[in-house]
Amino acid sequence: MSFFQRLKQGLARTSSNLRSKIQDIFQPGALTDEFLDELEAVLIQSDVGVAATSGLIDSLREESRGKSFETEEDLYRMMAEKVTGIFASVDAPLQAAEDGPTVYVMVGVNGSGKTTTIAKLAQRWTDQGKKVILAAADTFRAAADDQLAVWAKRTGADLIRHRQGSDPGAVAFDAARAAIARKADLLLVDTAGRLHTKKNLMEELKKIMRVISREIPGSPHEVVLVIDGTTGQNGLIQARVFAQNVGVTGLCITKLDGSSKGGIAVAIASELGIPVKLVGVGEKAEDLRDFHPRSFAYSLFGIDAP
Ligand SMILES: Nc1nc2c(ncn2[C@@H]2O[C@H](COP(=O)(O)OP(=O)(O)OP(=O)(O)O)[C@@H](O)[C@H]2O)c(=O)[nH]1
Ligand SMILES: [Mg+2]
């Protein structure tokens, strides 16, 4: 299956939900004010977010003036282009080190998909013959490092771990040293999603960042905030806390396959102003996709990008 078909399939729940709601209100011809009001409600119900939705509706109203729509498909294409524009304003590829190890730190609330995303990235890079090290800097949750150990074994990546309850900063330190000594191409740092308090967690994450940037100058190359795409507006609120406290450079939105509200990606990109870099549309390694604004936007409406 092609890259694009898989993405489209992963977003099938979202696109069929959007399409059936739009089909219910669509009438061939010009877009009426009444239709645009109903469309606005559909987009908000689909978690596109109030700000992004009102921007979309305004520009649709402008651009559709004097135009007649034979079928919904023409409308989907126009909408997909508008959504592409929202994403394109914060579009940036994953960064890599010029030489030495590339370091990505994954942050996000518990259950968002940090460890799974690390596993998928490890698989991608080891498949390319790269040397990958995983750092188990989630020392808080019981067996978090066992989960990572399973993935290390499966993907052929090295694992740096300490005992549960130990200092995550120390794990980060050892992992950074190991990445240099073993000439690793990629160091992926797993972090805790939950501590006793939010303040503790943010301080712990800041310490991990400090240690890593000291040991590997210019790193981390990405601080990826992993957001569960099924949590709707709540995910957005959590995301703000991380973005305000640790220098998040990119977003990974997971579990979009399990959601009919993949429109949340539009709200997140437009409200946080942080580029989406990865999307998870399933549990297999190949279901983690680099984010491409246009192909994602078209997939939201279940149509092929030009
Ligand atoms: N369907 C689907 N499931 C996913 C995706 N990404 C992650 N998951 C599942 O989500 C669950 C939680 O994922 P984890 O990777 O353990 O989450 P975490 O952020 O590491 O959680 P903590 O370690 O508790 O902080 C697992 O069952 C994953 O298989 C995805 O893109 N699609
Ligand atoms: Mg985890």
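The table below gives the values:
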| quantity | calculated |
| --- | --- |
| Residue list for region 53-105, filter: under 30 Å from Ala136 (Cα atoms) and touching a Ser or Thr at 6+ places or on another chain (Cβ under 6 Å) | Ala96, Val103 |
| Subset of region 243-277 [within 16 Å of ligand 2 (Cβ to nearest atom) and either in a strand (DSSP E or B) or polar (S, T, N, Q) (or both)] | Cys252, Thr254 |
| Within region 280-306, tally of residues that are closer than 23 Å to Met78 by Cα, buried (at least 23 other Cβ atoms within 10 Å of the Cβ) and touching a strand residue (DSSP E or B) at 6+ places or on another chain (Cβ under 9 Å) | 2 |
| Any hit, region 64-82, residues being in contact with a Phe, Trp or Tyr (Cβ under 9 Å, 6 or more places away or on another chain), crowded, with 17+ Cβ neighbours inside 10 Å and more than 30 Å from Leu36 (Cβ to Cβ) | no |
| Scope region 112-143; condition closer than 25 Å to Asn200 by Cβ, crowded, with 23+ Cβ neighbours inside 10 Å and among the charged types (D, E, K, R); matching residues | Lys114, Asp138 |
| Region 1-59 - residue that is among the basic types (Lys, Arg) and within 17 Å of Arg77 (Cβ to Cβ) and, of those, farthest from the chain's Cα centre (by Cα) | Arg19 |
| Yes/no for Lys198 being basic (Lys, Arg) and within 15 Å of ligand 1 (Cβ to nearest atom) | yes |
| When residues of region 98-133 are limited to those that are among the polar types (S, T, N, Q) and more than 16 Å from the chain's Cα centre (by Cα), the one nearest to ligand 1 (Cβ to nearest atom) | Gln123 |
| Qualifying position, being more than 18 Å from Leu300 (Cα to Cα) and in contact (Cβ under 8 Å) with a residue 12 or more places away in the chain, among Thr249, Thr254, Thr230 | Thr249 |
| So Thr139, is it near ligand 2 (Cβ under 10 Å from one of its atoms) and outside any strand (DSSP E or B) | no |
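Rule-based calculations on the coordinates, nothing more; no lab input. What you see is a predicted model, and the numbers here were worked out from it, not measured in a lab. Positions of Cβ are backbone-derived with ideal geometry, glycine not excepted, and every protein chain shown enters the neighbour counts.
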